[in-house]
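Only one structure is covered here, and it is reproduced in the block below.
Read the figures in this text as sums done on the coordinates, not as results from a lab. For clarity, every value in this text was computed on a predicted model and none was experimentally measured. Here the Cβ positions follow ideal geometry from the backbone for every residue, glycine too, while neighbour counts run over all protein chains shown.
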Amino acid sequence: MGALLLLPFLFLDVSSAMVRLIRTQVELPGATGSVALDYLAADRQGGRVWIPAGETGSVDVLDLGTRRLTRIEGFATKAGARGPSAVSLGDGMAFIGNRASKEICAVDAERMAKLGCTSLAVSPDGMQYVSTTREVWVTAPADRCIAVIDARGSWPGKQVTRIPIDGRPEGYAVDAERGQFFTNLEDKNQTLVIDIRSRKVVSTWNVPCGNEGPRGLAYDRARQFLFVACTDKVVVLDGAHGGARLSTLATGAGVDNIDYLEDQANLYVAAGRAARLTIGHVDAKGTINVVATAHTADGARVVVVAADGTSVVGDPHHGRVLMFSPGR
């Protein structure tokens, strides 16, 4: 069972040119120093954010309405490999990737109860629940592949295949309706489109990210805009027209995972070296106009967003997360 904690938090007005943001910081229990914070996940219907807290061996679930945090413990840790590092949500489950143990564990998202773990032969990085086939797709850049796990029955699930990739897959997005899975090749400045059912690469799009390559992805399903995070900008590609480049948004250095709130057409980008959160509105032509910025913290490079526009940014050097809510 998870431990329920009510944590101290601090409100701070953060000024921007157009939208006023209110900052809240939440300390993560068990964090005695720097904590690896990578692939967070937002449960927009439930108003919660799932935070895999690396070296603490726990996944912390933050209720955005009450600021209460439920701690799910018992995940393996290992020096250098850290611990739980990624979460994907789907079909009433939270799937937890753990680099330390090379496992994908499942948690009943309602009861906050750990159900079991599937062992992998590869080291998991990011992952995405794919509702089209009720599978979990796991990127494994060190092994140049995507592992596919059957999530239709009871857990632990069975790995059903391993999709070889000609490069290091990084980031993910999915278009369940059209049966497409997107990932980047961080070592080749490319974005791949994979057919979910055939498991074949059907398109390869070039992205101008430079020596450090592309990182996270986000997607507008209605307009088929694919947002590709480089380490200092976001490039918008037109998925309906062969990945044609539509626009570029400069964000400052140190970008990793990004998020998008489709019903508001707002893109959220955290730049860790610049210590800045940028919120941009995406128009019908795929051009992004900045509507808010806020100071975050050095190393804060990942962000997810809730249904009401509240964004949560991982602050790994201080063992906490930062919340930015639209001012009323």
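Phi angles across segment 306-314 convert, under the Karplus curve 6.51 cos²θ - 1.76 cosθ + 1.60 with θ = phi - 60°, into 3J(HN,Hα) values of 8, 4, 8, x, 6, 9, 10, 10, x Hz, Gly and Pro given as x. Unpaired cysteine residues in the chain (no second Cys Cβ under 4.7 Å): CYS145. Near the amide H of ALA100, within less than 5 Å, lie the amide hydrogens of GLY83, all on another chain or at least 5 residues away, with H placed in the peptide plane. Put simply, the amide H of VAL291, placed in the peptide plane, has neighbours under 5 Å in ILE279, GLY280, HIS281, leaving out anything fewer than 5 places away on its chain.
If you count Lys pairs in the chain whose Cα atoms are under 29 Å apart, skipping same-chain pairs closer than 8 places in sequence, the total is 14.
As a calculated quantity, the FRET efficiency between ASN289 and SER154 at R0 = 41 Å, using C-beta atoms, amounts to about 0.30. Kindly identify segment 24-118 as rounded, prolate or oblate by the Cα gyration tensor criterion: order the square roots of the eigenvalues as a ≥ b ≥ c, call it rounded if a/c is under 1.5, otherwise compare a/b with b/c, prolate if a/b is larger, else oblate. In terms of gyration-tensor shape, oblate.
Grab the Cα-Cα distance for ALA222 and LYS78, subtract it from 0.36 nm times how many residues apart they are, and report the gain in nm with one decimal.
Working: separation 144, 0.36 × 144 = 51.84 nm, distance 4.16 nm.
Taking 0.36 nm per residue and subtracting the Cα distance, the gain is 47.7 nm.
Net charge dipole, segment 39-196: roughly 340 debye, given to the nearest 20, about the Cα centre with Cβ charges of +1 for Lys and Arg and -1 for Asp and Glu. One decimal place: the segment ASP263-ASN206 gains 17.7 nm when fully extended, by the rule 0.36 nm per residue minus the C-alpha distance. Rounded to whole numbers, the Karplus 3J(HN,Hα) couplings from phi for segment 180-186 are 10, 10, 10, 8, 9, 10, 5 Hz, using 6.51 cos²θ - 1.76 cosθ + 1.60 with θ = phi - 60°, and x at Gly and Pro. Here the Karplus relation 6.51 cos²θ - 1.76 cosθ + 1.60, evaluated at θ = phi - 60°, turns the backbone of segment 209-215 into coupling constants of 9, x, 5, 8, x, x, 10 Hz, with x for every Gly and Pro.
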